[in-house]
Every structure is written in C-alpha cells, then in structure tokens.
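I have placed the structure first, in the form of structure tokens, so that the comments after it can refer back to it.
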Amino acid sequence: MSIERLAILGSTGSIGVQTLDIVRRYPERFKVTALVAHSRWEMLAAQAREFEVESVVIGDAQHYEALKDALKDTNVEVMAGSDAINHIASSYRSDTVVNALVGYAGLHPTYLAIESGKRIALANKETLVVGGDIIMDAAKRKGVDILPIDSEHSAIMQCLEGEKRKAIRNLIITCSGGALRDVPSEELVNVTPERALKHPQWSMGAKITIDSATLVNKGFEVIEARWLFDIEPERIKVVVHPQSIVHSMVEFTDGAVKAQLGNADMHTPISYALLYPERAEEAMERFSILDYPTLTFLDVDREKYPALDIAYEVLERGGTAPCTMNGANEVAVAAFLNHKCRYTDIVASIRYALDNTSFEKHPTLATYDAANIEARDLARRFLKL
Ligand code: NAD
Ligand code: MG
C-alpha cells in the first residue's frame, strides 16, 4: 500500500492531538506533510519536528516570527494566515485533509480540499452545518469521500456498512446530556463557564464542550447527519444516553436496531476515518461491556434544551438559516467563556439572530460569508458587546 500524505488542520487541538496519536502508530501508512494551528506555536513547532513535516501554518500571524525562529534549524516551510490555510487545504501536497478546525473557519478549507479531489476526514462539523448542501454536491461531483470524525456519525456509518438505503427507517443519535444535565432549568442562568466546561464523559475543546451543554452540538449533529447520510430530518431522532457508551443507532424497516458501542474515546472514530475501510489492529483502550451493567436512555427535555428544536427549525428553513445559527452561537459561546454573558444568553442570541437576519434561500459560499458576518454582528448587538 502506498503511503498516504496527510495535512492536519487544527493539529494542536483535542482532535488534532488524538489524530497524531493514531498517525504515530502507522508510520508505514501515513506521512504528515502539513500542520495548521491557530496560536499554540510552541506545540506546533514540536509536532513539526517530531513528524518531520514539510510545512506549517500558524493562523494567527502575530506568532509567525516566533514559530519561524523555533524552526530555523529545519527545512520546514513556515506560513501564516487564512490564505496559507486555504493553500494547504487545496493545492498543497496531500492525499487526505483532516479538518479539525473549530467553527466557521473550517468551511472554506473543506470546500477547497474537495475541489482539489482530496479525501476528507471531517471533525469540523460546522462545515456541514453551514454549507452541507454545497459541500455534499461538490463531494459527489468530485467523487470525494467525506469520513466523519464525530462519534455519533462514525457509529451510524459503521451500522450502515453493508446495508441498503431503502432499509433504513430512522437514525438514532445518542446524547450524553452534557455538563449541565443534572442542573435544574431555573439554575441555568447562573451557571459559570468553569461549571459548564466539566463534561461528565468526553474531554474536548472548549467550544464543543459548551455546545454539548446547550445541546447546540446535538442540533448540529442532526444537521450533520442529514447531509452525510442524505436522510430527511424527521427520520433523525435524538435520545439522551448518560453513559455515552452507545455512540448511536440505526433502526431498520424490519424492526432491527443496530448500535455501535465503545469507550467514550475519540481515538476510535478517528482511526475508523483514517483507516477506512480497514480497522486499527489494536484499540487505544479495550472496552468491556461488563463495566457497564446498566445503560439508560431517555427523551430529551425540549424545554430545558431549546437549541435542539432550533436546529430542526433551521434545517427546515434551509438556506442561510443554519449559518446564522452557527455564527451567533460562535460569538455567544466565546462571550460566555470570557464571562461577558450568561449561559442562557447563548440560545437567546441564536434566537435573536434568526429572528432578525436577512435570510437567503439559495446561498453560495460568498453568501455564507456575508450571513456569517451578519449573524456575528446580530449576536454582538444582542449581547451588547
Ligand atoms: P480544539 O479547540 O481543541 O482545537 C481546535 C484546533 O483548531 C486547534 O489546533 C486550533 O489551534 C485550531 N484552530 C481553531 N481555529 C482556527 C483558525 N481560525 N485558524 C487556524 N487554526 C484554528 O477543538 P476540538 O475539540 O479539537 O474540535 C475541533 C472540531 O472537531 C470542532 O468542529 C468540533 O466540533 C469537532 N469535534 C470535536 C470532538 C472532540 O472530542 N474534541 C468530537 C467531535 C467533533
Ligand atoms: Mg459528537
């Protein structure tokens, strides 16, 4: 088998670091050619040395000199800024782009990588939330595979192996309930970022951890599933499963339900995406069902978690509505993490942006850029930032 060249966008983050753990195990299979990060230049420099990459990009240009200096005794090409990220995603020497950036910043790189005919391992779900339609069209046109790095979508993909489309009745996405599952609704207004960042099962980046608490993340996953598996939203269900052991399920027309189980460890979906259609020979950590004698499932409390219904609403509206939800959420989550707004203002900002946006039914990528800016402005106005 020929060596597969990887460009990893977001290599210093939670998914990026775990992706490199997998790559480390398969030196004969993968060669990392490029790494991209936002600001953690020291870690990026160390990764560049260890994996002997050809190029690195630091998104935040103010760290360019420090990074360049840290790599001055190597042949590593050092670049900065979003044009350089786009260059890595598109024309650059790689076969697969692992997109583990956070937020809207991931959209253009994914699109450019698809247009360049590269395989996509996609953690950046915001790509599909914002532009699922355009992205999936481009992937089809180019014959490019998009392999999800999200535990739920990886689970569904595994359940669908060897099955016929027409046999699918429902996709059932599981949801831990996030860090505030046991906090009563009336206390949510006083929740601190520190409290909301304490996810009971998964260790992840800050933004997705807050998105998990509000269930914006689960709403985004419904949208992601709608595009990845080309299935109507009403056939995508969400159930709360506090143990996070069943990663998702598929219900078939004959009444059979398949589920994929395992530890709450992103190494498994990452290795599934990277090695597909093969599987890793060894797990990072073995799973034993005997450790989990009780698995529970319950309905989502739609009053406590309005974000889930908003996600179905924006899917129904289509056009730029999901982009507006995403943009407002990004601003509000950042504000909440910086103690600039209350927890409950996050969903309120999304609501305000959706109610005041200049909606566009048939967007292009350029329209998304404009809708994203508008959504961010609306959220800032709402939050008085
Ligand atoms: P993170 O915050 O830990 O890491 C993000 C990475 O992207 C970092 O390397 C950061 O430097 C880089 N980055 C962010 N914005 C950038 C920009 N504008 N320019 C250049 N680099 C930038 O985030 P994460 O938890 O690893 O999540 C990454 C993506 O994967 C998100 O879309 C998230 O929803 C998704 N995801 C994460 C998990 C998880 O377990 N962490 C699970 C499923 C899906
Ligand atoms: Mg997930």
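Tabulated values for the structure
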item	result
Simple spin-label estimate for ASP133 and SER288 in nanometres, 7 Å along Cα-Cβ	5.1 nm
Global form of the range 296-364, assessed from the alpha-carbon gyration tensor, a/c cut-off 1.5	oblate
Which of LEU383, LEU197 has the fewest Cβ neighbours within 10 Å, and the rest in rising order	LEU197, LEU383
Extension gain, PHE297 back to ARG235 (0.36 nm per residue minus Cα-Cα distance, nm)	20.5 nm
Inter-part distance where the range 39-90 and the range 307-329 are each reduced to a Cα centre, Å	35 Å
Value of [θ]222 nm, deg cm²/dmol, for the chain, DSSP H segments ≥ 4, -39500 (n - 2.57) each, nearest 500	-13500 deg cm²/dmol
Förster radius 25 Å - calculated FRET efficiency between ARG29 and GLU115 (Cβ-Cβ, nearest 0.05)	0.45
Between the range 148-208 and the range 223-248, the alpha-carbon center distance in angstrom	9 Å
Listed residues SER248, HIS199, THR19: farthest to the positive end of the dipole of the chain (Cβ charges)	SER248
Proximal charge balance of PRO363 [Cβ under 11 Å; K/R count +1, D/E count -1]	-2
Greater than 24 Å apart at Cα, pairs in LYS118/LYS164; LYS31/LYS68; LYS198/LYS340; LYS304/LYS340	LYS118/LYS164
Given charges at beta-carbon only (K, R positive; D, E negative), |dipole| of the chain in Debye	240 debye
Distance cut-off 20 Å, percentage of C-alpha pairs in the range 4-148 lying past it	41 percent
Choice from ARG24, ARG165, ARG181 with maximal GNM fluctuation in the chain (Cα, 10 Å cutoff)	ARG165
Kirkwood hydrodynamic radius of the chain, Cα pairs, Å	21.3 Å
Per-residue Cβ neighbour rank within 10 angstrom, fewest leading, MET136, MET249	MET136, MET249
Net charge dipole size for the range 1-148 [Lys, Arg +1 and Asp, Glu -1 on Cβ; Debye, nearest 20]	400 debye
Three-way shape label, the range 252-371, alpha-carbon gyration tensor, a/c 1.5	prolate
Alpha carbon Rg of the range 213-302, scaled by the compact-globule rule 2.2 N^0.38 Å	1.21
Within the range 147-181, backbone nitrogen closer than 18 Å to the virtual label 7 Å beyond the Cα of ARG195 toward Cβ	177-181
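Bear in mind these aren't lab numbers, they're just calculated from the coordinates by the rules spelled out. These figures come from a predicted structure and were not determined experimentally. All Cβ positions, even for glycine, are placed from backbone atoms using ideal geometry, and neighbour counts span all protein chains on display.
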